[in-house]
Amino acid sequence: TSHLGNSLSLNQNLAVASARLKQLVPYDSLVVYVRSNGRLTPTFQAGEHGRLFGANGFAVGEGLSGWVAEHQMPICNGNPCLEPAYTKDPNSFRTLSSALVVPLPGSGGVAGVLALYSIRKDAFSRDSMRILLGITSKLGYVIENSLKYESAQNSADTDFLTGLPNARSLSAHLAQEVSRAARNQTPLAVVLCDLDRFKDLNDRFGHLEGNRILKAVAEALRQSCRPYDYVARLGGDEFVVILPNVGPDAVAS
């Protein structure tokens with residue numbers, strides 16, 4: 001576990017952990033479920049059968065992993081068919097035969113669950129469980145720290161009111177689009193929008209109403225643009241729309 005926490009990326013940390021674990025406790029599939037708001041979400045999967053667990057979350061208390069999260073106790077050689085995500089695929093019942101599931105403690109209780117699955121029946125021993133329990137404390141805190149870092153990164157690039165990219169994110173994205181347009185010799189439109197007499201509206205009806213209008217405008221811009229267009233809030237009542245492969249005539253129309 002000495003390499004855990006060297007990166008702030010959740011995926012990188014879990015990839016390191018899964019590779020180290022496979023040397024100590026052989027498995028066919030590994031899934032890390034992260035706990036949030038009373039649910040467990042498959043956040044990281046390794047092994048050829050990891051895809052069987054999908055990406056949908058389920059309530060704490062459901063299945064093997066939900067039981068482990070609720071009771072904060074491990075399960076050795078449980079039945080993978082009891083996992084909520086796994087049982088949705090009737091063709092997979094014969095694939096995995098045993099599971100070793102342990103809780104991942106965090107600062108506020110259980111941060112998540114680590115589950116190893118094997119195609120062999122009764123594949124895991126008590127020694128396997130002791131090895132897992134020996135690293136779960138550090139792994140749980142690594143997950144929490146990585147999630148906090150990713151949340152902070154997202155907040156730094158997102159406007160808190162509208163959920164659009166902010167000026168910082170806009171600057172980086174615009175530089176990329178300008179370079180791409182120059183490289184491919186394709187047009188690029190950058191449209192600056194503002195709201196006429198927005199200050200008067202704020203003064204007359206208050207900032208809560210002003211915020212409601214800003215959010216409505218942001219959503220309208222999002223809905224009216226193509227999936228690969230880029231809408232950002234520059235600040236105040238100013239928005240910027242980046243339109244790849246759009247020339248002046250198309251913007252004017």
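Structure notes:
- Residue that is nearest to the chain's Cα centre (by Cα) [pool: residues in the range 48-76 that are open to solvent by 50 Å² or more (accessible area, probe 1.4 Å) and modelled with pLDDT under 85]: Ala55
- Those residues of the range 157-181 which are farther than 16 Å from Leu234 by Cα and either in contact with a strand residue (DSSP E or B) (Cβ under 9 Å, 6 or more places away or on another chain) or open to solvent by less than 50 Å² (accessible area, probe 1.4 Å) (or both), in sequence order: Glu177, Val178, Arg180, Ala181
- Any chance Asn145 is of a type outside the set (Val, Ile, Thr) and either surrounded by 13 or more Cβ atoms within 10 Å (Cβ to Cβ) or touching a helix residue (DSSP H, G or I) at 6+ places or on another chain (Cβ under 8 Å) (or both): yes
- Single residue of the range 230-251 satisfying the filter (surrounded by fewer than 16 Cβ atoms within 10 Å (Cβ to Cβ) and among the acidic types (Asp, Glu)) that is modelled with the highest pLDDT: Glu238
- Among the residues listed as Leu139, Leu132, the single one being in a helix (DSSP H, G or I) and modelled with pLDDT of 90 or more: Leu132
- Matching residues, the range 109-128, being part of a loop (DSSP other than H, G, I, E, B) and open to solvent by 80 Å² or more (accessible area, probe 1.4 Å): Ile119, Arg120, Lys121, Asp122
- With respect to (1) in contact with a strand residue (DSSP E or B) (Cβ under 8 Å, 6 or more places away or on another chain); (2) free of Cβ contacts under 8 Å to residues at least 60 places away in the same chain; (3) not aromatic (Phe, Trp, Tyr), the lone exception for Ser128 is condition (2).
- The criterion of at least 3 residues that are under 35 Å from the mean Cα position of the chain (by Cα) and not hydrophobic (A, V, I, L, M, F, W, C) is met, among strands (runs of 3 or more DSSP E) falling completely within the range 188-253, by 230-235.
- Among (1) surrounded by 15 or more Cβ atoms within 10 Å (Cβ to Cβ); (2) in contact (Cβ under 8 Å) with a residue 24 or more places away in the chain; (3) among the aliphatic types (A, V, I, L, M), the one test that Leu201 misses: (2)
- Failed item in (1) at positive phi; (2) at pLDDT 90 or above, with Asn79 passing the rest: (1)
The values are calculated or read from the model by the stated rules, or taken from the named source; none is laboratory data. Computed from a predicted model, the values in this text were never measured in an experiment. Here Cβ is always computed from backbone atoms with ideal geometry, including for glycine, and neighbour counts include all displayed protein chains. The protein model used for the area step is the full one, side chains on, heavy atoms only, and it has no ligands, DNA or RNA in it. Shrake-Rupley method; radii C 1.70, N 1.55, O 1.52, S 1.80 Å.
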